[in-house]
Amino acid sequence: MKLLIMGAPGAGKGTQATALAERYGVPAISTGDIFRFNIRNQTPLGVKVKEMIDAGEYVPDDMTEAIVGDRLAEPDCEPGFLLDGFPRTMHQVFFLDRYLAERGKKLDAVVSLHVEPEVLVERLLARAEEQGRADDNADTIRRRMEVYAGQTAPLLFHYESKGLLVDLEGTGTVDEVRQRMFDQLDEHIAQR
Ligand code: AMP
């Protein structure tokens, strides 16, 4: 299974990505987690990206694509993978399309989690209390929402036109959303 999961900040991507990856026995690859790991360990990459991420801006495409290209080349991605938080720009979409095409591979589905903006902000502020992520504060949250709406939401049209989109209502408990996601994905795969 080769899957993507997309959604605005706070939509529950990370949580559902873990469940999805476990279900299919594929690695869940979160570019956000990779960046946070590098920031925590003060690697050269971490030092470069910290300010951008703390401000709610995207990391440049070339840097993000290099990381994903390297990660997808690892042997555990051979049977499949789930990308969480990549692609986020049209440039990254073309990178991934080309990367897979060159290797004779194709995506199976793109799961998109939809949650109303007010609920997103509530969830992110709650997460700020629990996890203390530097980019979960009111100003940065607003900026991340804008960047998502401007740069990432339009990518859904690309995947819809390719017949890959599984559009999911992301409101409800974690268990409810997970079950809904599995059901819709099964339906999508059965219809191919
Ligand atoms: P996430 O954990 O997916 O919410 O990502 C946290 C932050 O990492 C984002 O707000 C961006 O600053 C950065 N980031 C993660 N993935 C990407 C990507 N595909 N392209 C550019 N920046 C990214």
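The values are calculated or read from the model by the stated rules, or taken from the named source; none is laboratory data. Because the structure is a prediction, the values reported are computed rather than measured. Here Cβ is always computed from backbone atoms with ideal geometry, including for glycine, and neighbour counts include all displayed protein chains. These area figures cover heavy atoms from the full protein model, side chains too; ligands, DNA and RNA do not enter into them. Shrake-Rupley method; radii C 1.70, N 1.55, O 1.52, S 1.80 Å.
Observations
- With q set to 0.09, 0.13, 0.15 Å⁻¹, the log10 of I(q)/I(0) for the chain, from the Debye formula over equal scatterers at the Cα positions, is -0.31, -0.68, -0.93.
- GLU118 versus ASP54: modelled label distance in nm, points set 7 Å from Cα along the beta carbon direction: 3.3 nm
- Between GLU176 and ARG143, the FRET efficiency estimated from the beta carbon spacing at R0 = 35 angstrom works out to 0.75.
- Helix-only CD estimate at 222 nm, as mean residue ellipticity for the chain, using -39500 (n - 2.57) per DSSP H run (n ≥ 4): -17500 deg cm²/dmol
- The range 81-168 - Debye-derived log10 I(q)/I(0), Cα point model, q = 0.12, 0.21 Å⁻¹: -0.46, -1.08
- Centre-to-centre, using Cα atoms only, the range 75-126 and the range 149-174 are separated by 10 Å.
- Spin-label proximity, GLU74 to the range 38-57 - amide N less than 15 Å from point 7 Å beyond Cα toward beta carbon: 38
- Those trypsin sites (Lys or Arg not before Pro) in the range 118-179 that DSSP places in a loop and that have at most 13 other beta carbons within 10 Å: LYS162
- The gain in end-to-end length when the LEU100 to GLU169 segment is fully stretched comes to 22.0 nm, 0.36 nm per residue minus the alpha carbon separation.
- Accessible heavy-atom area order of ASP84, ASP61, highest first, probe of 1.4 Å: ASP61, ASP84
- Magnitude of the charge dipole, the chain, Cβ model with Lys/Arg +1 and Asp/Glu -1, debye to 20: 400 debye
- Dipole axis of the range 1-83 (+1 Lys, Arg; -1 Asp, Glu on Cβ), positive-most option in GLY69, THR18, TYR58: THR18
- The Cα atoms of the range 135-190 cover 42, 30, 13 Å along the three principal axes, with the biggest extent listed first.
- Cα convex hull of the range 15-90 - mean projected area over all directions, nm²: 5.5 nm²
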